[in-house]
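The values are calculated or read from the model by the stated rules, or taken from the named source; none is laboratory data. For clarity, every value in this text was computed on a predicted model and none was experimentally measured. No Cβ is skipped: glycine too gets one built from the backbone with ideal geometry, and neighbour counts run over all protein chains shown. Side chains are part of the model used for accessible areas, which takes the heavy atoms of the whole protein and leaves out ligands, DNA and RNA. Shrake-Rupley method; radii C 1.70, N 1.55, O 1.52, S 1.80 Å.
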Amino acid sequence: MRALVLGAEENSFGLSTYAGDKTEFAAVHDELQTLPFLGSRRLVIVENADPFVTNFRPLLEKYAGQPAATGVLALEVKTWPSNTRLAKLVPSDGTIVCKAPAAYKLSDWCVQWAAARHGKQLAAPAARLLVDLVGAEMGQLDQELLKLAIYVGTAKRISEEDVDKLVGSSRAENMWKIFDAIGAGQSGEALRILDRLFDQGEEPLRILGAFSAQLRRLAQVARLHEQGQPLPAAMNEAGVLPFAQKSTEQQLRHLGRGRVDQLYNWLVETDLGLKGSSQLPPRTLLERLVIRLAQNA
């Protein structure tokens, strides 16, 4: 927006920023009416502008009818109901909606962003693994994609192995240890590793993201196997890396058909619980999931 309004040079003298919960309309209005210095236009941004809009709605409606000739007002708001008089006074192309894509579309977004921002081809399995490991935080995904682009250097493609090595690292190693303990029916050991992750400051949703990657893979292998594919072929199609196939087979045998059929339900239940639908602490929710998986049938 700065480049669009102030030009390629982004003249700093033409930019002013105000806090919406502390600013008076008069100060913003005076800034908009002041002739720009060393430029043709002035950009005034009101951040966190919801209280500003509430407090000065009549004045803003009047201003929208007769805006400044050289000043551009930008209001950063969390809500902008289209049925209000103020919203109707603003031209439709003056309302810019900034909304993150739905969680199930984030891996596609990562593929597109890697190509547009870094000129790298991000493999689809790598994108899914990245979202599983990082979670649905677009800022963190952007940072991890930057690190991956630097990590692969001149290579044009970011693979699943690259994501596993750079992003997964110790977290992936601990996840494998947890699932090895689950496959062996060692509830206590799995819980001890989970406690260690919490002690290291891991976020519950990120832990669940890493769990989800493996549990969904187990469910996919089981489904392909039930459809008639030999187990090695099913694991290859589901993206199980060669070194992990023996432990994956052990986990499937330990879980059995009944629990494998419940994996998606348990994941959804835990995910919703971590996001507020349960009164249980996040640690308890993840411990419950681990016990469900690790206890002997």
Computed D for the chain, Stokes-Einstein, Kirkwood radius over alpha-carbon pairs, 37 °C, 0.692 mPa s, to the nearest µm² per second, is 143 µm²/s
Value at 222 nm in deg cm²/dmol, rounded to 500, when DSSP H runs of n ≥ 4 in the chain each add -39,500 (n - 2.57): -17500 deg cm²/dmol
Any idea of Ser212's accessible area? Nearest 10 Å², probe 1.4 Å. 10 Å²
Magnitude of the Cβ-charge dipole (Lys and Arg +1, Asp and Glu -1) of the chain about the Cα centre, nearest 20 debye, reported as 500 debye
Per-residue accessible area for Met175 at 1.4 Å probe radius, Å² rounded to 10? 10 Å²
Can you give me the pair-distance distribution of region 39-125, C-alpha pairs, 5 Å bins, whole percents? 3, 11, 17, 19, 11, 10, 10, 11, 7, 3, 0
Put a dot 7 Å past each Cα toward the Cβ at Glu61 and Lys88; how far apart are the dots in nm? 1.0 nm
Could you work out the equivalent-ellipsoid semi-axes for region 140-271, taking the square root of 5 times each eigenvalue of the Cα gyration tensor, largest first, in whole Å? 26, 21, 13
Could you state the angle between the C-alpha long axis of helix 138-152 and the longest principal axis of the C-alpha atoms of the chain, as a value from 0 to 90 degrees rounded to the nearest 10? 70 degrees
Say each of Glu189 and Ile150 gets a label point 7 Å from the Cα, pointing the same way as Cα to Cβ; how far apart are those two points in nm? 3.7 nm
Can you compute the modelled spin-label distance between Trp266 and Phe243, with each label point 7 Å from Cα toward Cβ, in nm? 2.6 nm
Ranked by how many other beta carbons lie within 10 Å on average, peptides 181-190, 281-290 from highest: 181-190, 281-290
Once Leu197, Leu6, Leu35 are ranked on solvent-accessible area with the largest value leading and a 1.4 Å probe, the list reads Leu35, Leu6, Leu197
Among the listed pairs Lys22/Lys78; Lys78/Lys147; Lys120/Lys165, give every one whose C-alpha distance is greater than 28 Å. Lys78/Lys147
